[in-house]
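Peer 1: For reference, the structure I am asking about is given below.
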Amino acid sequence: MPIVHGATAPVFTVPHTTFTGLAAPSRGAKETCAWRLTVAPAAPGVPHQVDREEVFILLSGSAAVTLDGTEHRLGAGDALIVPPHVPLRIANPGDVPLEMVVALPVGGRAVLPGEEPFVPPWAQ
């Protein structure tokens, strides 16, 4: 049974966002990927979509989520279930980091506007 300790899990960064890779094929997962997502205060979010269902569980902070053109406000304890191929943007309107745990089936691919689909490195 693989165990991934948060303190030694791989960390990936893009502007305003940090991904801590927890479950993924490279770390022993066969069916489900999971990572911790930290979004910096006042970050605008990046429009994207995925080709599999993705689940976000907010641990702390607040999120302004634009899902298929409609904005929703979420806080700690809330969950967001995003269907495949639905445009998504998660912004942090607050002045503290937004912390979430995210789950995506193994092999799920992200699509950024104008780019080819790819498996994010934290989910590989």
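Peer 1: Return the residue satisfying two criteria in turn: it lies in the range 18-31 and is in contact with a strand residue (DSSP E or B) (Cβ under 6 Å, 6 or more places away or on another chain) and not in a loop (DSSP other than H, G, I, E, B), and of such residues it is farthest from GLY75 (Cα to Cα).
Peer 2: Start the filter on the range 18-31 by keeping residues that are in contact with a strand residue (DSSP E or B) (Cβ under 6 Å, 6 or more places away or on another chain), which leaves 18-24, 29.
Among the residues that remain, those that are also not in a loop (DSSP other than H, G, I, E, B) are: 18-23.
Values: THR18: 19, PHE19: 19, THR20: 20, GLY21: 22, LEU22: 22, ALA23: 24 Å.
That would be ALA23.
Peer 1: I would also like to ask the following. Out of the residues in the range 16-26 that are in contact (Cβ under 8 Å) with a residue 24 or more places away in the chain and out of contact with any Cys (no Cβ under 9 Å at 6 or more places or on another chain), state the one that is surrounded by the fewest Cβ atoms within 10 Å (Cβ to Cβ).
Peer 2: SER26
Peer 1: Could you name every one of the strands (runs of 3 or more DSSP E) located completely within the range 32-124 that has at least 1 residues being surrounded by 17 or more Cβ atoms within 10 Å (Cβ to Cβ) and in contact with a helix residue (DSSP H, G or I) (Cβ under 8 Å, 6 or more places away or on another chain)? Quick ask: steps written out before the conclusion?
Peer 2: Values: elements: 32-39, 54-60, 62-67, 70-75, 79-82, 88-91, 98-105.
Ranges flagged: 32-39, 98-105.
Peer 1: Same structure again: Tell me, which residue of the range 81-118 that is charged (D, E, K, R) and in contact (Cβ under 8 Å) with a residue 24 or more places away in the chain is nearest to ALA42 (Cα to Cα)? I'd like the intermediate steps shown before the answer.
Peer 2: Looking only at the range 81-118, we keep the residues that are charged (D, E, K, R), and these are 89, 95, 99, 109, 115-116.
In the following step, the residues that additionally are in contact (Cβ under 8 Å) with a residue 24 or more places away in the chain were identified as 89, 95, 99, 109.
Numbers: ARG89: 13, ASP95: 6, GLU99: 13, ARG109: 26 Å.
Taking the candidates together, the pick is ASP95.
Peer 1: Assuming THR13 fulfils every condition listed in (1) outside any strand (DSSP E or B); (2) β-branched (Val, Ile, Thr); (3) surrounded by fewer than 16 Cβ atoms within 10 Å (Cβ to Cβ) apart from one, which condition is it?
Peer 2: Failing condition for THR13: (1).
Read-outs: derived from the displayed coordinates by stated rules, not from any lab. None of the values given here were measured: they were computed from a predicted structure. Cβ sites come from the backbone with ideal geometry, for glycine too, and all protein chains shown count toward neighbours.
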